[in-house]
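Novice: Sharing a structure here in structure tokens format.
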Amino acid sequence: MKRKLLKQTRNEWRSNLWLAIELLIVSMVVWYICDYLYCISVTLSEPTGFNTEHTYRLTARQLSSYSPRAIDYGEEADQKNAEDLAAVFNLISKCPEVEAASISIHAEPFSMNYMGITLMRERDSVEFGVRATYLTPEHIRVFDYQPADPTVSQEDLVRLLSEGKVLLSDFDPENPLISRYFSKRITPAELVGERLTVDEQTLTVGAIVQPIKRNVYEARSRDIVLLYPLPENNPLALAEGSYINIRLRPGCDKSFLESFAADRESKYRRANTYISDIKSYDQLDRITNHHATVTNRKYIACMVFMLACVFLGLFGTFWFRTRQRVSEIAIRKVNGASNRSIFARLMTEGILLLLIVTPLAILGDWLICRNELSEYFNGAYFETWRFIATVAATFALLALMIVAGIWYPARKAMKINPAIALKDE
């Protein structure tokens, strides 16, 4: 049967050639769609590294010097405003509904601010870039950051920050975005206890935390994040560009927001310093990611529409091809072939054509990656396991389309009486 199938395929080379070209083009298009959807789905399924349930961001501001209510501190303005901010923060953190409170700069979830700095290892003078975030130790509890090492607890992370040590986020040593910084392979665990220098300042790495994303659409492995402790005993360090973050106890959201709104002016205001707004991080998630969400939905909708068009086109091609062979099916039945063998023959013929063009399609897919026309993900346009997964998914989808395009018309053709099918021959 296999020899006859190959011989028939060769004899019908003209029609099969055009079908093979169509399959080749369709295979590359479907692979590109699968690759894009793979990158999106993997990115969205990755943990963000933080928990924003019952968390809120409070924005503290100072009155303009032109405001009639402003107090003129003169040359001590920065110091006094910082002390007022620290006083407001202390009042908020002592509220019975507040479970944990922190002050942070560039460390808030869903903030797309990026402060990149270069650290140098004292041991080998190797420099590497990190995304710097600044926070008070309680920030760990506010957003439930978790240690990468199971032997280290969350309390240990808070303690290490309180001692003035810095934390680094976990990373993949093989990731191109990370490995480019190091002359040799280095693991995150090797950096624990290391002394790093930046701008003539020496930092000691206390521990490694799990990777922290800025939002759900950012790949986990994009950056190494530096968590730098803000000294609570130095109000000036808390003043510039900082936010107050709080985590409320479960069930206390409504009562806290009502009491805070009532007491904002009378209780949570010090001289020129006041709280201008309070937003939940769920709300900030919707606001900051709105554009990315809409854009991704458009891309996904277009990809699904293209996939549907490809399916209908391929389905129709094999439907038409099978319907044209009704008389051939009838002849086979007259010569004693069973419905099962005819059905298997038609299916095998379609899959054989797909197998023939798949190596060429894989070569085309690889050229797309090589020329950086595919989706940029995890620091590269090409990744071995990603390529294997998307090629396998493409083959499975095309095989499903071919089977669907052959199955129904073949089933109907095999129900036709051979005499009726051959009466025009």
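Novice: Each label point is 7 Å from the Cα along the Cα-to-Cβ direction; what then is the distance between the points at E200 and A292, in nm?
Specialist: 3.8 nm
Novice: Please work out the FRET efficiency for the pair N371 and D277, using the Cβ-Cβ distance as r and a Förster radius of 41 Å; give the result to the nearest 0.05.
Specialist: Step by step, r from the Cβ atoms, then E = 0.30.
Novice: Between E218 and R61, what length comes free when the chain is fully extended (0.36 nm per residue of separation minus the Cα-Cα distance, one decimal in nm)?
Specialist: 53.6 nm
Novice: OK, next. For every other residue with a beta carbon closer than 14 angstrom to the beta carbon of D263, add +1 if it is Lys or Arg and -1 if Asp or Glu, then tell me the sum.
Specialist: Local charge sum for D263: +2.
Novice: How far apart, in nm, are the 7 Å Cα→Cβ label points at N113 and A404?
Specialist: Roughly 4.9 nm, to one decimal.
Novice: Going through the cross-link list K94/K267; K165/K267; K165/K213; K254/K279, which pairs have a Cα-Cα distance over 23 Å in this structure?
Specialist: K165/K267
Novice: Which peptide among 151-162, 201-212 comes first, and what is the full order, when sorted by highest mean count of other Cβ atoms within 10 Å?
Specialist: 201-212, 151-162
Novice: A389 to T348: extension gain in nm, 0.36 nm per residue of separation minus the Cα-Cα distance?
Specialist: Going from the current span to full extension adds 12.4 nm.
Novice: Moving to a separate point now. What's the extension gain from E155 to A380 if we count 0.36 nm per residue and subtract their Cα-Cα distance?
Specialist: Between E155 and A380, full extension yields an extra 77.4 nm.
Novice: Per the Kirkwood treatment, what hydrodynamic radius in Å, one decimal, follows for segment 22-149 from the mean inverse distance over all distinct Cα pairs?
Specialist: Taking every pair of different Cα atoms in segment 22-149, averaging 1/r and inverting gives 19.7 Å.
Novice: Ok, one more. Calculate the FRET efficiency for A308 and S259 from the Cβ-Cβ distance with a Förster distance of 51 Å, rounded to the nearest 0.05.
Specialist: Step by step, r from the Cβ atoms, then E = 0.45.
Novice: Would you please give the FRET efficiency between V29 and E76, computed as 1/(1 + (r/R0)^6) with r the Cβ-Cβ distance and R0 = 45 Å, to the nearest 0.05?
Specialist: 0.10
Novice: Right, something else. How many nm separate the modelled label positions at F320 and Y299, each set 7 Å beyond the Cα in the direction of the Cβ?
Specialist: Taking the simple label geometry, F320 and Y299 are separated by 3.4 nm.
Every number here is computed from the coordinates shown, using simple stated rules; none is lab data. If you're wondering where the values come from, they're calculated on a predicted model, not measured in any experiment. FYI the Cβ positions are ideal-geometry reconstructions off the backbone, even for glycines, and counts take in every protein chain you see.
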